[in-house]
Amino acid sequence: MVGAAIVRRLTAENCEVLTAERKSLDLTRQSEVECWFGDNKPDAVFLAAAKVGGIHANDSYPADFIVDNLQIELNVVRAAFAAQVKKLLLLGSSCIYPKLARQPMTEDMLLTGPLEPTNQWYAVAKIAGIKLCEAYRRQHGADFVSVMPTNLYGPGDNYHPQDSHVPAALIRRFHEAKVAQTSSVTVWGTGTPRREFLAVDDLADACVFVMKHYSGDEFLNVGTGEDMTIAEFARLVAEVVGYSGKLLFDPSRPDGTPQKLLDVSKLSALGWRAKTPLREGLAEAYADFLAGCGRAL
Ligand code: GDP
C-alpha cells in the first residue's frame, strides 16, 4: 500500500524507479537481498516493506510480526550500506511510542514507558529499525533516516475482515451491510480510543519530501496533527459509504492504545503538511475498494 503510493508520487520526480515486489524478491532472505542490491545498485532506498496488520493480526501472530520485520530491516539496511546507497528512508509506525505517552506524542517520547501489549512485537521491530539507521549514521556517517507515520488509509489497502486496520475493516463492513440492507453494523471495542488518520498518498509525499530535504539524526513523525474517537470515525466512514443503519460497539474486542496523536511540529517546521481532508481521502479509498483494487477481498 505504502510502496505503491511512493511509486505513484515518484512519477512526478526526475528519477528511475526500481521496485522489489514480494513475488520477485523475498526480503527476509539475506542472500537474495544482497544479490538484488549488488545487481541493481540504487542511489536511494525507501524501505516501505513490512509485515503489517490491524489490532487483531498484531495480537494473533506475534512471532511473524517480530521476525519478519526484524529480518526485512536488517537485510535491507545492511545490504544498502554495503552497496553504498547514498540515502535510505525507513518507515516505522506511531505504535513505537509508550501506550500511555503524553499526547500529542513528540519524537523524544520514544522508550520512555511500556508499549501497548497488542502491538509490542511489531513496535519492538520498528524501534530496532530506527536504531539501526541511527547506528549506521553514527558509526559510518550513512545518510539513513526514519519516519513514523500515524494510522494510514487509502488505495491498495488490505480489506481482510479480521487482519485489516480499522479504516479498511469499516469500509468493507459498511459496504457489505449497505448491499445486504442489514439494520446494524458492529464496530470493535468501546469506540472511545482516539486515532489520527493519514491518507497514504500524503505519506508518500512526505517520504519524498524527507528524502529530498532532511538528513538529521532524529526520526520524524508524519501525521495530520488531528485525531478523533473510533466512534466518530466509524460514523464518518458510514456516511462516506452511504450506510444509514445503526452502529453497535463490541467491548469484548480490544481497544488498544487509548490515544495515538502525533506531534508533527518538527516536520511542519521543515515545510511539510498533510493536504487530504479525511472525508475526501476516505471517498477515494472507498472508490478504490469498489474498483476491486484492495487485497484480501
Ligand atoms: P491500532 O491503531 O494499532 O489499534 O490499529 P487498528 O487500526 O487495528 O485499530 C484501531 C482502533 O479501531 C482500535 O481501538 C480497534 O478496537 C478499533 N476498531 C473498531 N472496529 C475495528 C475493526 O473492524 N478492525 C480493526 N482492526 N479495528 C477496529
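Quick notes
- For the chain, built as a Gaussian network whose Cα springs stay under 10 Å, the top-fluctuating residue of VAL52, VAL166, VAL200: VAL52
- Over the chain: Kirkwood hydrodynamic radius from C-alpha pairwise inverse distances, Å: 19.7
- Sparse-neighbour loop sites [trypsin sites (Lys or Arg not before Pro); region 169-277; at most 15 other C-beta within 10 Å; DSSP]: ARG273, LYS275
- Spin-label pair GLU21-ALA180: with each label point 7 Å from Cα along the Cα-Cβ axis, the two points sit 3.2 nm from one another.
- Applying both filters, DSSP loop and at most 15 other Cβ atoms within 10 Å, to the chymotrypsin sites (Phe, Trp or Tyr not before Pro) of region 90-153 eliminates every site.
- Carbon and sulfur %, accessible surface of region 1-156 computed with the full protein complex present, 1.4 Å: 52
- Trypsin sites (Lys or Arg not before Pro) restricted to region 59-132 and DSSP loop, no more than 16 other C-beta within 10 Å: LYS86, ARG102
- Computed over protein heavy atoms with a 1.4 Å probe, the accessible surface of the chain works out to 47 Å² per residue.
- Once the Cα-Cα distance is subtracted from the 0.36 nm per residue extended length, the CYS293 to GLU239 segment shows a gain of 17.3 nm.
- Counting only lysines at least 8 places from LYS275 when in the same chain, those with an alpha carbon closer than 22 Å to its own are LYS212, LYS260, LYS266.
- Within region 178-219, backbone nitrogen closer than 18 Å to the virtual label 7 Å beyond the Cα of ALA283 toward Cβ: 198-202
- Inter-part distance where region 79-132 and region 50-76 are each reduced to a Cα centre, Å: 13
- With bins 10 Å wide beginning at 0, the percent of Cα pairs of region 130-284 falling in each bin runs 11, 34, 30, 17, 7, 1, 0.
- Pairs of Lys residues in region 1-158, spaced 8 or more positions apart or belonging to different chains, with C-alpha separations under 26 angstrom: 20 in total.
- Convex hull volume per residue, computed on the Cα atoms of region 7-66, equals 114 Å³.
- Length released on extending from ARG29 to ALA12, taking residue separation times 0.36 nm less the Cα-Cα span: 2.9 nm
- Size of charge dipole - the chain - debye, nearest 20, with Cβ of Lys, Arg +1 and Asp, Glu -1, no other charges: 180
- Region 24-95 shape via C-alpha gyration tensor axes, a/c threshold 1.5: prolate
The values are calculated or read from the model by the stated rules, or taken from the named source; none is laboratory data. This one's a predicted model, so the numbers in the text were calculated from it and none came from an experiment. Note that we place each Cβ from the backbone using ideal geometry, even for glycine, and neighbour counts take in every protein chain shown. What goes into the accessible areas is simple: the full protein's heavy atoms, side chains included, and nothing from ligands, DNA or RNA. Shrake-Rupley method; radii C 1.70, N 1.55, O 1.52, S 1.80 Å.
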